[in-house]
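Here the structure is laid out as structure tokens; the discussion comes afterwards.
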Amino acid sequence: MTPDDHVSAAADLLEAERTGCQIGLLSLRYPDITMDDAYAIQSAILQAKRGQGRSVVGWKIGLTSKAMQSALNIDIPDSGILFDDMVFENGATVPAGRFIQPRIEAEIAFVMKAPLAGGEVTRQDVLGATDHVAPALEILDTRIMRKDPTTGATRKIVDTISDNAANAGIVLGAERHPVDAVDLRWIGAIVVRNGEVEETGLGAGVLDDPVESVVWLARRMASYGQRIEAGHVILSGSFIRPIECPPNTDVHADFGGFGKVDISFD
């Protein structure tokens with residue numbers, strides 16, 4: 001792909017977000033698209049969003065579980081950008097039409113107190129740069145079709161990365177915890193949709209330890225000349241499968257002593 005192709009793909013994704021009309025698979029439009037191309041499309045989205053007055057409030061990490069990696073035939077996570085207009089208050093209601101096909105995932109969020117950068121970032125660097133951790137829900141959406149209606153082809157990793165890693169929203173719980181106060185591998189959640197338990201999981205599903213997920217992110221960002229800034233929120237990755245959230249959906253995530261998070265969809 002050329003730089004002009006990156007900008008064009010980004011513009012199409014932004015238009016899909018604005019109109020609610022999905023675009024076709026970029027992996028079919030550009031058969032030779034690479035992961036570097038996909039992150040370049042993300043960067044073009046970032047520049048366009050900044051031009052619209054949006055600011056970066058953090059980053060999300062996806063595809064951290066073995067099950068999801070196997071489903072897409074990859075062996076590494078991906079990442080996306082959190083913008084200021086993606087933040088929802090705990091207990092808020094998402095207006096009808098805000099998203100195309102929203103889903104949610106349960107995650108542990110890291111809130112940073114210091115910058116984090118470099119290809120040699122360690123676990124101790126992450127712990128030292130983290131102000132606190134909190135329970136969170138990520139809202140996913142897809143501006144790209146999940147499946148091509150003609151060929152039956154499904155999204156590839158390059159489609160997901162190009163689409164800002166399917167990122168659409170973030171909900172933080174009210175609770176705040178020192179990052180070293182608990183073993184994050186054993187933090188779990190019971191996720192309820194409209195009164196019925198849909199998913200449960202443990203933090204260990206995220207690269208065996210959510211801290212290692214943030215290590216991966218910092219190192220990946222360094223390869224693209226980026227860094228995590230103080231104040232950024234990092235969604236470390238889901239330890240449940242995505243849960244569909246059609247209209248009139250209420251979601252409650254109970255993380256036990258770690259906290260609770262709620263979101264509804266009109």
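Nothing in this text is a laboratory measurement; each read-out follows from the coordinates by a stated rule. This is a predicted model, so every value here is computed, not measured. So basically every Cβ, Gly included, is an ideal-geometry build from the backbone, and we count neighbours across all protein chains shown.
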Integer Hz, Karplus 6.51/-1.76/1.60 couplings in order for region 105-111, x for Gly and Pro: 9, 9, 8, 9, 9, 9, 10
If each residue of separation counts as 0.36 nm, what is the full-extension length gain between Arg18 and Gln69 once their alpha-carbon separation is subtracted? 15.4 nm
For Glu198, which sequence-distant residues (separation of 5 or more, or a different chain) have an amide H within less than 5 Å of its own amide H, given hydrogens modelled in the peptide plane? Val191, Val192, Arg193
Max mean-square fluctuation residue, GNM over the chain, Cα-Cα springs under 10 Å, options Ser236, Ser55, Ser79: Ser55
State to the nearest 20 debye the size of the charge dipole of the chain about its Cα centre, where the only charges are +1 on K and R beta carbons and -1 on D and E beta carbons. 220 debye
For region 56-265, how many pairs of lysine residues have a Cα-Cα distance under 26 Å, where the two are 8 or more positions apart or belong to different chains? 9
Dipole of region 56-265, positive direction: furthest Cα of Leu202, Gly118, Thr150, with charges on the beta-carbon: Thr150
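Taking the radius of gyration and the Kirkwood hydrodynamic radius from Cα positions alone, what is the Rg/Rh ratio for the chain, to two decimal places?
Answer for the chain: 0.94.
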Inter-probe distance in nm under a simple model that places probes 7 Å from Cα toward Cβ, at Ala96 and Asp209: 4.8 nm
Please list, in order along region 173-187, the HN-Hα scalar couplings obtained from phi with the Karplus expression 6.51 cos²θ - 1.76 cosθ + 1.60 (θ = phi - 60°), rounded to whole Hz, x for Gly and Pro. x, 6, 6, 10, 9, x, 5, 9, 7, 9, 7, 4, 5, 9, 6
Would you calculate the separation in nanometres between label points at Glu120 and Asp250, each defined as 7 Å from the Cα along the Cα-to-beta-carbon direction? 5.3 nm
What are the residues whose amide H is under 5 Å from the amide H of Val57, where those residues sit 5 or more places off or on another chain and H is modelled from the backbone? Leu82, Phe83, Asp84
Computed about the Cα centre, the charge dipole of region 161-266 from +1 Lys/Arg and -1 Asp/Glu charges at the Cβ has a magnitude in debye, to the nearest 20, of 400 debye
Calculated from DSSP helices alone, with each H run of at least 4 adding -39500 (n - 2.57) and the total divided by the residues of the chain, [θ]222 nm to the nearest 500 comes to -8000 deg cm²/dmol
What is the Cα centroid distance between region 140-215 and region 7-28, reported in whole angstrom? 22 Å
Going 7 Å from the Cα of Arg176 in the Cα-to-Cβ direction, what parts of region 124-138 have a backbone nitrogen less than 18 Å from that spot? 127-137
In debye to the nearest 20, how big a dipole does region 1-159 give about its Cα centre with +1 on each Lys and Arg Cβ and -1 on each Asp and Glu Cβ? 340 debye
Here FRET efficiency (C-beta to C-beta, Asp84 to Ala11, R₀ 35 Å, nearest 0.05) is 0.95
Long-range amide H partners of Thr249 with built H, under 5 Å: Phe265
